[in-house]
Amino acid sequence: MPSSVQITGTGQLVMLSRRLRAAGGPRLRQNLARRIRRAAEPLHRDLQQAIRTQSLVSEGRKRNRQGVQGRGGPSPTTRPFRAMLAGGVRISVGQGSTPGARVWLDWTRLEPGTSGVPKQINEGRLRHPVFSNRSRWATQWARPAGWWTRTVQAGTPRMRAEVERVLGDVRRDLE
C-alpha cells in the first residue's frame, strides 16, 4: 500500500512555479496553493470516509474445552479506532522544488503500536492480540479489501484533472 498520493513535479507545475516566483505575486502563489489544496480535498474526504465505513468481520469467539462460548465484555478502549485511523489521513501542498498536492497517511497521528494497521486493513486481513494479551490472537477480515488503493484509483483522475484545470487558469492569468 503506498503511503501517499502525489501529483507533483510535472513539467507544467515546475515551469508555472518558476513563472510565479519571477512574477513575484504572493497573492498568485497563495491562490494557486489554495486551489490545489481544494483539488485534493475530495480524495482526502473519500479516504477518511472509506476507513470510517470499512467493515471488519471477526471469526467470532472461540468455545472453550467444555464447548461453552467464551466470555467477553465491552471494549476497554474509549477512543474510536476508525476515527483515529481517519485522523491520520492528511493533505499537504508544496510550492518549492516539487510543487503540487500530496494526500498521505501521517503515522505520527496514530496510536503507538498501530502503524501497520492501515496496511493490514488495505490487504484485507487484520491480525492482532486480544486486549493486548500476546498469547491470544484474533483475525479480522476487511470486506472489501483495499480501502486505500481502491479509493486512490477512483479519486486520482478527478484530482489530476482539477489540478490541470487550475494550472490552465493560472497560466492564462500570467500571460
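The values are calculated or read from the model by the stated rules, or taken from the named source; none is laboratory data. What you see is a predicted model, and the numbers here were worked out from it, not measured in a lab. Cβ atoms come from the backbone with ideal geometry, glycine included; neighbour counts cover every protein chain shown. We work out accessible area using only protein heavy atoms, side chains counted, and drop any ligands, DNA or RNA first. Shrake-Rupley method; radii C 1.70, N 1.55, O 1.52, S 1.80 Å.
For Ile7, the conditions (1) touching a Gly at 6+ places or on another chain (Cβ under 9 Å); (2) at pLDDT below 70; (3) more than 24 Å from Arg150 (Cβ to Cβ) all hold with the exception of (3). Inside segment 150-175, residues that are hydrophobic (A, V, I, L, M, F, W, C), open to solvent by 10 Å² or more (accessible area, probe 1.4 Å) and in contact with a strand residue (DSSP E or B) (Cβ under 6 Å, 6 or more places away or on another chain) make up a count of 1.
Regarding segment 129-140, can at least one residue be identified that is in contact with a strand residue (DSSP E or B) (Cβ under 9 Å, 6 or more places away or on another chain), in contact (Cβ under 8 Å) with a residue 40 or more places away in the chain, within 30 Å of Ala39 (Cα to Cα) and not basic (Lys, Arg)? Among the residues of segment 129-140, not one is in contact with a strand residue (DSSP E or B) (Cβ under 9 Å, 6 or more places away or on another chain), in contact (Cβ under 8 Å) with a residue 40 or more places away in the chain, within 30 Å of Ala39 (Cα to Cα) and not basic (Lys, Arg), which makes the answer no. Gln30 - would you say it is modelled with pLDDT of 85 or more and not in a loop (DSSP other than H, G, I, E, B)? Against the criterion (modelled with pLDDT of 85 or more and not in a loop (DSSP other than H, G, I, E, B)), Gln30 does not qualify. Scanning segment 141-175 for residues that are of a type in the set (Phe, Trp, Tyr) and part of a helix (DSSP H, G or I) yields Trp147, Trp148.
Among residues of segment 130-140 being assigned to a strand (DSSP E or B) and out of contact with any Ser or Thr (no Cβ under 8 Å at 6 or more places or on another chain), the one that is surrounded by the most Cβ atoms within 10 Å (Cβ to Cβ) is Val130. Looking across Trp104, Trp147, one residue alone is open to solvent by less than 80 Å² (accessible area, probe 1.4 Å), of a type outside the set (Val, Ile, Thr) and touching a Ser or Thr at 6+ places or on another chain (Cβ under 6 Å). It is Trp104. Report whether or not Gln95 is of a type in the set (S, T, N, Q) and either open to solvent by 60 Å² or more (accessible area, probe 1.4 Å) or at pLDDT below 90 (or both). Here the answer is yes, as Gln95 does meet what is asked.
Selection of segment 107-129 for residues being polar (S, T, N, Q) and buried (at least 16 other Cβ atoms within 10 Å of the Cβ) yields Gln120, Asn122.
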